[in-house]
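Reviewing the structure listed below.
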Amino acid sequence: MMTLKPRKLYSGILTGLVLLYFLSLLLHISANFEQYQWDFRTHRQAGAIFIAGGDPYDADTLFAEARTHLLYTYPPVSLLFYGLFSLIEYKTAFHIFLFFKSALLLALVYFWQREFLRKKTEVLFYAFCLLAFNSPAYRDIIAGNINLVEQALLWLAFFFYLKHRLLLFCVLVLTAASFKMLPAFFLVMLLIGDHEKKYHYFFGAGAAFLAYLLVQYLIAPDMFAGFLKNASQVVRERGEVTPATYTFIRDVFRLLAANFGLNAPKSLQAFAAAGAAAAVIFFSGKALVRLRSIKPEAEEKMVLFLVCLVYGLIHPRFKDYAYMLLLVPAYFIVLNARYAKAMPFILILCLLTSPEFVLPGTVSLFQTFWKFYPLMVAYAIWGLYLHEISMATKQANRTDKRAKRGRGAFLK
C-alpha cells in the first residue's frame, strides 16, 4: 500500500488551499458582475458601437453607453474581437470572458513552473503568483483587461525564443502587440541573440508591424486618429493604478510643488523620465554584455528575464496588472541568487510601515511609497540581477586567471 510522504501531503494540502481561495475569488467576482471587469464592459460596448456604425473613440458616446469613464485605446482592428462579445447578452459575455481568463491564468502558472523554473517549489510559487507585486493577477481579473491574453502570448513567444524558433517568436510577439503596441519592444531580443538570420527576422517583423498599423490608417483614418488621441491621453494616469517610473517621477515633481513650491515644467519631467529610462537601458546593456561574455549559451534565461525587467521599468504606462510579467523573473532570481546577501530585501521590509503610524512630515512620502511599492520592488529585483551578473563575471575572471597560471606552471 502506497503512503504519501509528509512533505508531499503538506504540499498537496497547501496547493488545494490556494486553489480554493482562488476559486472563492472567482465566485465573488461572478456574483458581483455589475461591479467588476470594468475594462471588459467598456471594450465590449466599444465593439457594439463599432458594429452599429458609431465612433467608439468618441468619449461622450462611449461613456454614456458603457457606464464607465474609460477611453477605448486599442487600434480599430481590435474592435472586431470585442464586437463578438457584444452579440451576446452582457452577463453571459461577462462570465465567458471571466472563466476563459481564469483557465488561461491557471495554465500560464503551470507553464511558468514547468518550462521556466523547473524547481520543486510549486506551493511557494503559487502563493507568490497570487500575492507578489500587489497581486497583479487578481487586479487583472477584476479589471477584465486583455493583459492576461497578452501575457500568455508573450510567454509562449519566450518559450520559442529559448528554443531558437524565431519565426514563431516573432509571430507571437506581434500578436501580443496587436492590442497595446508596446509589447513589440521584445523584438529587440532578436538583436541580443546570435542567430545568423536575426536581422532578417527583426526587420521583417518590424515591417509587418508597421504594415499592420498602416492598413488600419488607410482603411479607417478617422478612427485611427481617434485611437492615437485616446492612447496619448491615458498616459496621464496616477500611480494607484499605474505604478510606472514615468508616473513616479510625475508624482515626485507634484510633491515638490505642493511642499516646497517648486513648479517644474512638463518638459523637465519628461527629461527626467527619459534619463531614468536611459540609465536602466545603459546599466542593463552593460550587464548583458558581461553575461554573454562568460556564458553565452547557458544564461539565455537570465537575458530574457532581465529584458522583461527593463521593459517594465521603462514602460511609460506599466499598469498594476502588467506586473504579472515580472513574477517569473523575480521568483527566479530570488530563488537562484548566489552572490547577493539578503540586506536589500531586509531593508525594504524594515522600511514598510502602517500608513496610520508614520513620522510627522512624512505622510506624503509614505503615501507615494505605497502607491509605487510594486515599482520599488521591481527596481530591487533589477538591482539584484545586475549584482548577480557582476559577481558572476568577477568569479569567472578569477577562475580564468587561475586556469592560465596553472597552464603556465605545467608548461614550465
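Report, in cubic angstrom per residue, the convex hull volume of the C-alpha atoms of the stretch 283-322. Mind showing how you got there, number by number?
On the way: hull volume 2.1 nm³, N = 40.
Expressed per residue, the convex hull around the Cα atoms of the stretch 283-322 is 52 Å³.
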Placing one equal point scatterer on each C-alpha of the stretch 1-108 and summing with Debye, one gets log10 I(q)/I(0) at q = 0.11, 0.13, 0.14, 0.16 Å⁻¹ equal to -0.47, -0.59, -0.64, -0.76
Within a Cβ distance under 12 Å of Ile49, other residues only, what is the Lys/Arg minus Asp/Glu net charge?
-3
Can you list which of the DSSP-assigned H helices in the chain have a Cα extent of 30 Å or more along the long axis and an average Kyte-Doolittle score of at least -1.0?
6-31, 90-112, 198-219, 266-294, 373-411
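Which of the trypsin sites (Lys or Arg not before Pro) found in the stretch 1-88 are loop residues per DSSP with 13 or fewer other Cβ atoms within 10 Å of their Cβ?
Working: sites: Arg7, Lys8, Arg41, Arg44, Arg67; in loops: Arg67.
Qualifying residues, ordered by number: Arg67.
If the limit is 26 Å between Cα atoms, which of Lys101/Lys198; Lys101/Lys180; Lys180/Lys371 go over it? Show your work: numbers first, answer last.
Numbers: Lys101/Lys198 33 Å; Lys101/Lys180 18 Å; Lys180/Lys371 23 Å.
Table pairs above 26 Å Cα-Cα are Lys101/Lys198.
Mind ranking 312-324, 217-229 by how tightly packed they are, going by the mean number of other C-beta atoms within 10 angstrom, highest first? Before the final figure, lay out the partial values.
On the way: 312-324: 22.2, 217-229: 15.2.
Those peptides, ordered most packed to least, come out 312-324, 217-229.
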Binning at 20 Å from 0, report for the chain what percent of all alpha-carbon pair distances ends up in each bin.
22, 55, 21, 2, 0
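State the Kirkwood hydrodynamic radius of the stretch 32-236 in Å, one decimal place, computed from all pairs of distinct Cα atoms.
On the way: mean 1/r = 0.0538 Å⁻¹.
Kirkwood radius, the stretch 32-236: 18.6 Å.
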Once Lys and Arg are counted +1 and Asp and Glu -1 for all other residues with Cβ under 14 Å from that of Leu268, the total becomes +3
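Only the coordinates and a few stated rules stand behind these numbers; no lab work does. None of the values given here were measured: they were computed from a predicted structure. Glycine gets a Cβ as well: all are built from the backbone with ideal geometry, and neighbour counts include every protein chain shown.
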